[in-house]
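Data block below; observations after.
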Amino acid sequence: MTEQKAAQQTKAVLVVGGGISGITVAVETAEAGWPVVLIERGPSLGGRVAANHLYFPKMCPPPCGLEINYQRLRKRPEIRVLTLAEVTKLEGGTATISVKPRYVNEKCTACGKCAEVCPVERPNPHNAGLDTTKAAYLPHASAYPQRFAIDMSVCKGAACNKCAEACAYGAIELDMKERTVEVPVGAAVVATGWLPYDAKRLDVLGFGVAKNVITNAIMERLAAPAGPTGGKILRPSDGQPPKRVVFVQCAGSRDRLHLPYCSAVCCTASLKQAGYVRALYPDAELTMCYIDVRTPGRLEDFYVKARDEHKITMLKGKVAKITEDAAGTVTLEVEDVLGGTKRHLAADLVVLATGMPPATPGGLPGVAYDANGFATGASGQVPVFAAGCAKKPVDVAGAVQDATGVALKAIQALVRS
């Protein structure tokens, strides 16, 4: 190795965000022989993909693609993974990273004994708050690292100590402290992903008021075998199978009062979710209310096949209002553009296709963001690139392709430094 190459490799590519985009940047960079520091704000890698039931167009379960990437991570000593971590400073070629305590160390075998004795419950964010976990919890079945964490915002800490007493491996450290890590970096990548738009802000669509109005993110967890209902899609009001399901598109997207842009994948996601319902309930009535169906490129075939095979009634028109009666029946007031009338639809379950805003800006100090909050990168001593949904709304395949290209840009920045 030349002296120049050795000097370059003392600097790492910093990847902020441990979803599918961040993981892809990390493994592609490391497999080319360059060091990577991959940080994730949460307790596990996987991001939003880990919360999906299936992803299109192949309709694969997320553990399939994620586990392949986890294996690639495990095989690369060039990758350093830090969870519960955030960058607090990026200056002078050095990243300062704050790592919050997990209260569970590397001795954890994920046996679950700590959770069995834990007396405190908390809403489960992985299942959209539809069920609970104990304060000592595994983030989800496919978590990486496969290690429990303790939520000290609800835990009684040393005053309880039952989890520590139950652990036979000495993995519980209730006095674990926050620590600071400094690493030399030659390039950085923002891959902080997206968050579901807050449907409660769409007051006319009834979310949070009408029990049987849910979001597309909630639908993914209802359909997942590891979800709160064991994969059964049921009405929240009474736990009964829905006979009439309506999908409402552009819930917040293409709306100057909310998200002025198209979120790109919502139409295809709803077509996919209609398939979830059809597989469970062959006689269910399925309707999609849309402004325009946007499934570009190869996804046009996916649209036609899903529409026809799942027998979806396509209604072009924007939903103006959603209400629910005492029996849990939901009524949608819809503009029928092609029919030139106003219609009222009755449904047992309504699924809002909420948009995809980027996760809160601020994942990396000094990064520029556009008017909609998407990262545009930054130039300087440490060049910064954006990848995946931190840059724009994109599906899983598109995120992986984009992240692969960004890995090359990051390597080029290291070479030029």
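Table for the structure above
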| item | result |
| --- | --- |
| Subset of the stretch 342-370 (residues that are closer than 26 Å to residue 248 by Cβ and of a type in the set (Gly, Ala, Ser)) | 346, 347, 353, 355, 359 |
| Unmet criterion (only one of (1) within 24 Å of residue 357 (Cβ to Cβ); (2) at pLDDT 95 or above; (3) touching a Phe, Trp or Tyr at 6+ places or on another chain (Cβ under 9 Å)) for residue 295 | (2) |
| Looking only at the stretch 148-166, and only at residues there that are in contact with a strand residue (DSSP E or B) (Cβ under 6 Å, 6 or more places away or on another chain) and assigned to a loop (DSSP other than H, G, I, E, B), the one that is surrounded by the most Cβ atoms within 10 Å (Cβ to Cβ) | 148 |
| Number of the condition not met by residue 32 [criteria: (1) within 25 Å of the chain's Cα centre (by Cα); (2) among the small types (Gly, Ala, Ser); (3) open to solvent by 30 Å² or more (accessible area, probe 1.4 Å)] | (1) |
| Checking residue 45 against (1) touching a Phe, Trp or Tyr at 6+ places or on another chain (Cβ under 7 Å); (2) in a helix (DSSP H, G or I), the condition it does not meet | (2) |
| Boolean, residue 144 is touching a residue at least 60 places away in the same chain (Cβ under 8 Å) and more than 26 Å from residue 65 (Cβ to Cβ) | no |
| Condition met for residue 135 (within 30 Å of residue 385 (Cα to Cα), open to solvent by less than 10 Å² (accessible area, probe 1.4 Å) and among the hydrophobic types (A, V, I, L, M, F, W, C)) | no |
| Selected residue [more than 22 Å from the chain's Cα centre (by Cα), under 19 Å from residue 410 (Cα atoms), at pLDDT 95 or above and among the aliphatic types (A, V, I, L, M)] from 13, 37, 27, 81 | 13 |
| Any chance residue 403 is at pLDDT 90 or above and either more than 28 Å from residue 287 (Cβ to Cβ) or of a type in the set (S, T, N, Q) (or both) | yes |
| Elements of type strands (runs of 3 or more DSSP E) contained in the stretch 306-371, each with 3 or more residues being among the acidic types (Asp, Glu) and surrounded by 13 or more Cβ atoms within 10 Å (Cβ to Cβ) | 330-336 |
| Residues located in the stretch 85-117, provided they are at pLDDT 95 or above, open to solvent by 20 Å² or more (accessible area, probe 1.4 Å) and assigned to a loop (DSSP other than H, G, I, E, B) | 100, 101, 103, 106, 107, 108, 109, 110, 111 |
| Cβ-Cβ under 8 Å pairs, at least 6 apart or on other chains, the stretch 50-75 side open to solvent by 30 Å² or more (accessible area, probe 1.4 Å), far side acidic (Asp, Glu) and not in a loop (DSSP other than H, G, I, E, B) | 52/220; 53/220; 72/31 |
| Residue, modelled with the lowest pLDDT, within the stretch 139-174, restricted to residues that are of a type in the set (A, V, I, L, M) and under 24 Å from residue 50 (Cα atoms) | 141 |
| Filtered residue count, the stretch 201-244, keeping only those that are buried (at least 23 other Cβ atoms within 10 Å of the Cβ) and within 12 Å of residue 52 (Cα to Cα) | 8 |
| Top-ranked residue in the stretch 255-280 [being under 18 Å from residue 203 (Cβ atoms) and free of Cβ contacts under 8 Å to residues at least 60 places away in the same chain; ranked as most open to solvent (accessible area, probe 1.4 Å)] | 256 |
| Of residues in the stretch 133-189 being under 17 Å from residue 100 (Cβ atoms) and among the hydroxyl-bearing types (Ser, Thr, Tyr), the one farthest from the chain's Cα centre (by Cα) | 180 |
| Candidates 320, 306, 378, 326, filtered to the one that is on the phi < 0 side of the Ramachandran plot, in contact (Cβ under 8 Å) with a residue 40 or more places away in the chain and small (Gly, Ala, Ser) | 320 |
| Residues of the stretch 396-417 satisfying the condition of being open to solvent by 10 Å² or more (accessible area, probe 1.4 Å), closer than 19 Å to residue 28 by Cα and in contact with a strand residue (DSSP E or B) (Cβ under 8 Å, 6 or more places away or on another chain) | 396, 409, 411, 413 |
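The values are calculated or read from the model by the stated rules, or taken from the named source; none is laboratory data. Not measured: the values here are computed from a predicted model. In this analysis, Cβ positions are derived from the backbone assuming ideal geometry, glycine residues included, and neighbour counts consider all displayed protein chains. Calculation scope for accessible area: heavy atoms of the full protein, side chains included, ligands and nucleic acids excluded. Shrake-Rupley method; radii C 1.70, N 1.55, O 1.52, S 1.80 Å.
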